[in-house]
Structure formats: structure tokens, C-alpha cells
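Just below is one structure, and these are the notes that go with it.
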Amino acid sequence: MPMLLQHIDAIARAKQRDVLYLTFPPAEPLAEPRRSYESLDSRKQIIAWLEANAIDWTMCGHFARENTMRSYAGQIYIDVPYDSEDPTYQRVQAFLEFADGSMRFEDVRFWVVSLEQAMKNAHHDEPGFWERWADNF
């Protein structure tokens with residue numbers, strides 16, 4: 001069944017704040033066939049942990065680009081403000097990263113998309129933008 005996902009930058013604009021998300025790139029892109037995001041144990045563990053800790057999350061798209069189309073690859077938006085003083089953010093960070101900032105899961109990347117960066121795509125929010133884009137593709 002088709003799904004309509006929001007790009008992570010659109011989520012940042014809607015929230016009017018920096019946002020957190022996860023990506024699941026292959027360990028060595030050319031060394032093995034692309035794994036299905038549904039089969040990744042790390043993604044399953046993270047989702048289970050988020051749900052067990054009552055932390056909202058949703059599937060999302062990469063940062064929108066007008067010259068690139070990407071299929072969904074398991075990206076997750078984590079609905080927690082990027083604030084090092086926030087206890088929920090601290091729990092998420094401690095779960096995903098070691099104290100030195102390296103990732104606990106080798107096939108996961110933890111990102112912050114700043115509102116400033118997301119605002120560079122504010123024109124994407126104009127009514128009909130993506131429809132006009134598709135017509136001219």
C-alpha cells in the first residue's frame with residue numbers, strides 16, 4: 001500500500017525546531033546487496049526501545065532535494081527536541097551513542113537537521129510546489 005511520508009526538513013519546518021532522525025546505510029555499499037530496512041535488527045531494536053520508553057517516532061524521508069529522488073530506506077524521525085539539557089534527549093542519545101559520541105549500532109547514523117538548514121527548502125511548502133515539480137520532471 002502506498003504511503004505518503006514527509007521529508008525530514010518538512011518536519012523541522014512544521015515543528016519550528018531542530019529535529020532528530022536516523023538513517024540505516026549499508027556497511028559497505030558495494031560489498032553486499034542492499035539489505036531491506038525491515039530486516040535490520042538494529043532498526044527493530046531501536047523501534048522497540050523507543051516504544052518501550054514512550055518516545056514518539058515516525059517514518060520519514062531524507063532531506064528533500066529537487067534534483068534527487070530516493071525510495072524509503074527505513075529513516076526514522078524521533079519526536080524529541082535536540083536539547084542537551086532535555087532528559088528525554090539525554091536518554092535517546094545515551095541509547096544510541098557511546099560517551100565518546102560513536103554509535104552503538106554500526107549500521108545506524110544519528111542526525112540533527114537544523115531548522116536553519118530546513119528553512120532553505122521553505123519554498124517546498126508552497127501549495128502545489130511538488131505537483132508543479134512532478135509535471136516538469
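A short reminder: the numbers here are calculations on the coordinates, not readings from a lab. This is a predicted model, so every value here is computed, not measured.
Value of Rg to Rh for the chain, rounded to two decimals, is 0.98; Kirkwood radius and Rg both from alpha-carbon coordinates. With contacts taken as Cα pairs under 8 Å and at least 6 residues apart, segment 5-137 reaches a relative contact order of 41 percent.
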